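The values are calculated or read from the model by the stated rules, or taken from the named source; none is laboratory data. This one's a predicted model, so the numbers in the text were calculated from it and none came from an experiment. Virtual Cβ from ideal backbone geometry, glycine too; neighbours counted across all protein chains shown. Surface areas here come from the heavy atoms of the whole protein model, side chains and all, with no ligands, DNA or RNA. Shrake-Rupley method; radii C 1.70, N 1.55, O 1.52, S 1.80 Å.
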Amino acid sequence: MSPDERRAELAESLAELRGRIDAACAAAGRDAAEVALIAVTKTFPASDVRLLAGLGLTEVGENRDQEARPKAAECADLPLTWHFVGRLQTNKARAVASYADVVHSVDRARLVTALSDAAARDGRTLRCLVQVSLDEAEHRGGASPAEVPALADAIAGAAGLRLGGLMAVAPLGADPLPAFERLAAVSADLRRNHPDARIVSAGMSGDLEQAIACGATHLRIGTALLGGRRAIVR
């Protein structure tokens, strides 16, 4: 596929996605301008990131450091915001802190310390979200709702970090609406002590409507925008 053909394909997908977001926001009585769209470009090449930036989409999400780091370097000339959205090992914190602007998957105190040390060393400020587990039966990462206040306090008090809010993934094979309703309640509780922690990162290609209905501020979209996942990044 030529670059022009790929650009047209992405533009069509983006227009369809914007239509879904607009309709969901209208149904929820929300302003679509309140909802940020993050393009999750895992397994897709840096050339797609450039095409999306040309279409006005400059929020980019990645979930593996070994893919994200070179891609961020290759696109360093673009005005992008890089979101790390995958599970993060403590020993990868320094690498991720060197390029990520937002880390969505903070779920334990050791990771707060590691990210703080790395950000302070590099003279950077990272916005961090507490990842909340919405299904204890799954092992997809995340702190329990009861653990959120302590983690939020730790982030807010850590050098080089800024508390942004919460992130969650809906349980597999279940109606996402009750899970996102629980996340909205956790977010409301969080904002009582941290009123600026307004981010609610929730909703992917298959459940963005339910996430918007429950107050999501950031959507993490891969397949609906870029197509089926590729095996190899070119």
Sort out which residues of the stretch 109-129 are free of Cβ contacts under 8 Å to residues at least 40 places away in the same chain and of a type in the set (Val, Ile, Thr), and write them in order of number.
-> Thr125
Residues of the stretch 52-76 classified as in contact with a strand residue (DSSP E or B) (Cβ under 8 Å, 6 or more places away or on another chain) and of a type in the set (A, V, I, L, M), total = 5
Would you say Leu10 is farther than 21 Å from Phe180 by Cα, open to solvent by less than 20 Å² (accessible area, probe 1.4 Å) and among the aliphatic types (A, V, I, L, M)?
-> yes
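If you check Gly54, Gly19, which single one turns out to be out of contact with any helix residue (DSSP H, G or I) (no Cβ under 6 Å at 6 or more places or on another chain) and within 17 Å of Leu78 (Cβ to Cβ)?
Values: Gly19 fails: within 17 Å of Leu78 (Cβ to Cβ).
Result of the check over Gly54, Gly19: Gly54.
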Looking only at the stretch 35-48, decide whether some residue is at negative phi and free of Cβ contacts under 8 Å to residues at least 24 places away in the same chain.
-> no
Helices (runs of 4 or more DSSP H) lying entirely in the stretch 154-234 (those with 1 or more residues that are open to solvent by 70 Å² or more (accessible area, probe 1.4 Å), without any contact (Cβ under 8 Å) to a residue 40 or more places away in the chain and out of contact with any Cys (no Cβ under 7 Å at 6 or more places or on another chain)) | 176-193, 223-226
